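Trainee: One structure, as structure tokens, below. Some questions next.
The values are calculated or read from the model by the stated rules, or taken from the named source; none is laboratory data. Values in this document were obtained by computation on a predicted structure and should not be read as measured data. So basically every Cβ, Gly included, is an ideal-geometry build from the backbone, and we count neighbours across all protein chains shown.
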Amino acid sequence: MTPSSCILRSNEHCIVFLDMDLQGRRRAAAALVAAVAAWFFLWFRRRSEDARSITYGPMAERDRERNSNLRFIYESDDVHCVNLLRMRRAPFFQLCDLFRSRELVVDSIHATIEEQVAIFLHVVGHNQRFRVINMTFRRSPETISRFFHQVLYAVGELRNELIVPPSISVHPRILGSRRWNPYFKDCIGAIDGTHVLARVPLKMQAAFRGRKHTITQNVLAAVDFDLRFTYVLAGWEGSAHDALILSDALERADGLTVPQGKFYLVDAGYAARPGFLPPYRGTWYHLREFGSNRPQNQRELFNLRHSSLRVTVERAFGALKNRFRILDNKPFHPYKTQVKLVLACCILHNWILRHGQDEHVPTEVAWTPNSTDTLPEPEHSPDNGTWAQQRDAWAAQMWQNRGSSRV
């Protein structure tokens with residue numbers, strides 16, 4: 001055998017050996033893959049069997065309790081509905097129908113529009129946390145939060161049709177009163193600011209701490225003589241002066257406008273200027289300040305009649321805070337949401353008044369002004385001379401025509 005033939009035979013044996021080794025490794029790898037697949041199959045099957053044996057609690061019982069609570073809300077009388085949802089049954093169901101027709105809120109597989117709106121009203125009406133009312137509605141805090149913000153957005157979409165400028169015609173309340181007609185015949189409402197408790201980060205609290213030494217946002221609102229809000233500007237810091245906020249409202253593109261020849265009643269913290277009529281400063285104002293005494297001069301008489309008409313805006317604020325307790329307590333929401341909630345509550349207030357007043361609206365006879373809200377603040381600008389003279393002319397005319405009545 002030649003050396004070359006030996007080398008050739010040796011190479012053939014090496015090739016056969018390498019082929020056999022590669023095939024063995026392939027078989028071993030295939031066996032390993034099969035074993036791993038079998039192990040995962042058995043593990044997944046056992047896990048599935050264990051999962052089927054787990055119970056998460058009486059879901060059906062929770063549903064029954066939820067439905068029972070909702071039926072109690074929906075089917076109760078107006079008294080219970082006002083206590084729970086802060087409005088009567090008629091405006092509640094009509095509001096839900098409006099959201100449904102415009103698709104602002106939609107029914108889900110698990111919750112109707114009525115339930116979602118009821119959750120929102122429960123939160124703003126009683127200032128309760130999401131994790132508290134989940135025991136009533138049997139929903140998770142995350143679900144309640146989602147429904148809450150959906151309804152908050154829907155209510156905000158009604159702003160342009162529920163918060164509208166007042167009528168420029170003489171209001172029947174003024175037209176039929178000797179005390180106010182003809183002096184206030186061009187008055188279309190009253191403007192005032194109110195402080196709503198706020199929650200802001202620590203670094204912002206100094207700006208939001210007003211004269212009451214509490215953290216608040218200052219809300220400016222105009223109200224007509226039917227107690228409806230006709231303009232609302234929320235979000236200003238509690239330390240901001242009312243006159244500054246009014247200037248901002250007048251400068252905004254979509255801000256407050258005063259029709260030509262008309263005016264609003266304002267308190268002594270504002271300056272007398274065309275469109276805005278304050279009382280005389282340093283003079284008795286509210287009826288309770290007079291007691292059993294009668295006005296002794298034309299300024300006192302003017303202030304008393306001015307107060308008796310401007311009390312409308314104070315009553316509107318009182319009704320708003322009495323109805324929606326979230327505005328009169330420390331809120332639990334981010335500040336941007338707090339500002340939206342002020343506007344939403346004013347919108348709902350107007351919606352409710354479309355269906356008649358209820359016990360949350362204080363009567364004029366029973367209303368007692370809050371002295372801490374009506375104290376005049378230092379003025380930022382002097383009175384307009386022409387407008388101040390007009391006020392003097394009205395005051396003199398009132399005093400001359402007072403007759404036997406001085407109120």
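Trainee: Would you pick out the residues in the range 176-208 that are under 30 Å from Asn401 (Cα atoms), touching a Lys or Arg at 6+ places or on another chain (Cβ under 7 Å) and of a type outside the set (Val, Ile, Thr)?
Mentor: Arg179, Trp180, Asp186, Ala190 - these are the residues of the range 176-208 that are under 30 Å from Asn401 (Cα atoms), touching a Lys or Arg at 6+ places or on another chain (Cβ under 7 Å) and of a type outside the set (Val, Ile, Thr).
Trainee: What pairs come up if the first residue lies in the range 222-242 and is farther than 20 Å from His360 by Cα, the second is buried (at least 20 other Cβ atoms within 10 Å of the Cβ) and acidic (Asp, Glu), and their beta carbons are under 8 Å apart, counting only those six or more places apart or on different chains?
Mentor: Asp242/Asp192; Asp242/Asp267
Trainee: Separate question: Looking at this structure, is Val365 more than 25 Å from Gln205 (Cβ to Cβ), at pLDDT below 90, crowded, with 19+ Cβ neighbours inside 10 Å and not hydroxyl-bearing (Ser, Thr, Tyr)?
Mentor: no
Trainee: Among Phe147, Phe229, Phe130, which is the only one that is outside the structural domain of Asp358 (by TED's automatic domain parsing) and closer than 20 Å to Leu95 by Cβ?
Mentor: Sole residue among the options that is outside the structural domain of Asp358 (by TED's automatic domain parsing) and closer than 20 Å to Leu95 by Cβ: Phe147.
Trainee: Separate question: Please enumerate the residues belonging to the range 206-223 that are in contact with a Gly (Cβ under 7 Å, 6 or more places away or on another chain), surrounded by fewer than 21 Cβ atoms within 10 Å (Cβ to Cβ) and outside any strand (DSSP E or B).
Mentor: Listed by number, the list holds a single entry, Gly210.
Trainee: Next question. Considering only residues that are in contact with a helix residue (DSSP H, G or I) (Cβ under 7 Å, 6 or more places away or on another chain), assigned to a helix (DSSP H, G or I) and buried (at least 21 other Cβ atoms within 10 Å of the Cβ), which ones fall in the range 324-342?
Mentor: Ile326, Leu327, Leu341, Val342
Trainee: Of the conditions (1) assigned to a helix (DSSP H, G or I); (2) more than 25 Å from Thr337 (Cβ to Cβ), Ile109 clears all except one; give me its number.
Mentor: Of (1) assigned to a helix (DSSP H, G or I); (2) more than 25 Å from Thr337 (Cβ to Cβ), only one is false for Ile109: (1).
Trainee: Determine, yes or no, whether Arg211 is modelled with pLDDT under 95, out of contact with any Ser or Thr (no Cβ under 6 Å at 6 or more places or on another chain) and basic (Lys, Arg).
Mentor: Yes: the conditions hold for Arg211.
Trainee: Right, something else. Inside the range 183-198, can you point out the residues that are surrounded by 21 or more Cβ atoms within 10 Å (Cβ to Cβ), more than 15 Å from Glu314 (Cα to Cα) and touching a strand residue (DSSP E or B) at 6+ places or on another chain (Cβ under 7 Å)?
Mentor: Across the range 183-198, the qualifying residues are Cys187, Ile188, Ala198.
Trainee: Okay, moving on. Pick from the range 73-112 the residues that are among the charged types (D, E, K, R) and crowded, with 17+ Cβ neighbours inside 10 Å: which of them is farthest from Glu359 (Cα to Cα)?
Mentor: Taking the candidates together, the pick is Arg89.
Trainee: Scan the range 83-106 residue by residue and report those that are modelled with pLDDT under 90 and more than 18 Å from Ser68 (Cα to Cα).
Mentor: Arg86
Trainee: Kindly indicate whether Pro279 is buried (at least 22 other Cβ atoms within 10 Å of the Cβ) and either part of a loop (DSSP other than H, G, I, E, B) or aromatic (Phe, Trp, Tyr) (or both).
Mentor: Against the criterion (buried (at least 22 other Cβ atoms within 10 Å of the Cβ) and either part of a loop (DSSP other than H, G, I, E, B) or aromatic (Phe, Trp, Tyr) (or both)), Pro279 qualifies.
Trainee: Given the criteria in a helix (DSSP H, G or I) and in contact (Cβ under 8 Å) with a residue 40 or more places away in the chain, does Leu84 qualify?
Mentor: yes
Trainee: So which helices (runs of 4 or more DSSP H) are wholly in the range 115-199 and hold at least 1 residues that are within 29 Å of Phe225 (Cα to Cα) and either free of Cβ contacts under 8 Å to residues at least 12 places away in the same chain or basic (Lys, Arg) (or both)?
Mentor: 159-162, 172-175
Trainee: (1) under 18 Å from the mean Cα position of the chain (by Cα); (2) closer than 24 Å to Val232 by Cα; (3) buried (at least 21 other Cβ atoms within 10 Å of the Cβ): which one isn't true of Gln116, the others all being true?
Mentor: The number of the failed condition is (2).
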